[in-house]
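Just so it is clear, none of the values below were taken in a lab; they were calculated from the coordinates. Keep in mind the model is a prediction, meaning the values are calculated, not measured. All Cβ positions, glycine included, derive from the backbone under ideal geometry; neighbour counts span all protein chains shown.
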Amino acid sequence: MTMRTPLGQVRGLGSTRAGTSHFWWQRLTAVANIPLTLFIVFSIVFHIGTDHAKMAAYLGSPIVTIALFLFIVSSVFHMGLGMNTIIEDYIQHEGLKILAKMASTFFCIVIGFSSLFAVLKLSFGG
Amino acid sequence: MAKLKAPIERPLSPHLQIYRLTLTMLMSIAHRATGILLYFGTILLAMWLISVATGPAYFAFVNDLFSTYLGRLLLLGYTWALLHHMLGGIRHLIWDTGVGFERKTVEILAWTTLIGSIVLTIGVWLMGYWVRGGLS
Ligand code: HEM
């Protein structure tokens, strides 16, 4: 057992310079998500009921692929950061917290890369 | 020491149950709730993108799933969650610049988020049905 307070133990070790990183990336991706979301929502709505060949060609066209690509990267990053905050808020047990964050990160990576793969496949040749 | 009596007996340590529910509180909860909905809603988007990339048969299958009543309800919820979270997020970004904390402004922002998200959702779905050519 140590008599030193938690503050005393870390004082003087210096900043990791990472204090605002989470906040910064959450905001950066939030800003990016606004135009990307609007673009994706309207491009999907205007193609409701389109047959498969036309839809594949549309999603695979360069501008749409780029927009989808950026939307997927930005929103998966954003939602991963957001879910980490939520986990930290509600799960107190240290071990469970780490497991939950791990599971969430795996989910984001699987969803992100599967979506990206689908979009790139459409773009690079059916 | 003279005993000072507080004009009103106030709870010393407020708990969640003691606060009166306000719209701004609800909007704060809604931002987190829609964030969680969107988190899981990405499964729908991924499923749909993969279906287009896989081929006509799987695309038709996923489209049929999305066309059921349950599917449409999920997509309607996803649309609302997305638009509500977007407007709520813009509200957060405005606050981040250090403005908009006056009680009146906060109230206006909350109502704008709520009404705006409903109006936008209805607008997007009407547009969708119009593109589709009817209420089928
Ligand atoms: C469309 C534009 C979007 C904007 C402007 C936006 C904005 C924000 C902001 C500012 C926060 C932080 C809130 C806070 O600090 O309390 C946040 C949290 C979050 N966002 Fe977004 N977001 C957007 C889209 C999305 C999307 C597409 C997803 C999921 C795929 C998402 C998932 C989340 C999650 C899970 C959180 C954490 C919620 C919380 O901590 O309460 N957001 N968003």
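What to note about this one:
- Span-like helix check, chain A: qualifying full DSSP H segments, with Cα axial length of 27 Å or more and mean Kyte-Doolittle of 0.0 or more, are A:21-45, A:62-90, A:94-123.
- Sparse packing (at most 12 other Cβ atoms within 10 Å of the Cβ) combined with a DSSP loop state is found for none of the trypsin sites (Lys or Arg not before Pro) in region A:53-107.
- Mean Cα-pair separation over length for chain A, i.e. relative contact order, pairs under 8 Å, 6 or more apart, %: 32 percent
- Calculated on alpha-carbon atoms, Rg and Dmax of region B:65-136 in Å: 15.6, 47
- Counting only aspartates and glutamates at least 8 places from residue A:97 when in the same chain, those with an alpha carbon closer than 13 Å to its own are A:88, A:89.
- Other protein chain C-beta atoms within 10 Å of residue C-beta, averaged over A:44-57: 5.
- From the largest down, region A:1-67 spans 71, 23, 18 angstrom on the principal axes of its Cα atoms.
- Cut-off of 10 Å, at most 14 other beta carbons, DSSP loop: longest stretch of chain A lacking such chymotrypsin sites (Phe, Trp or Tyr not before Pro): A:47-123
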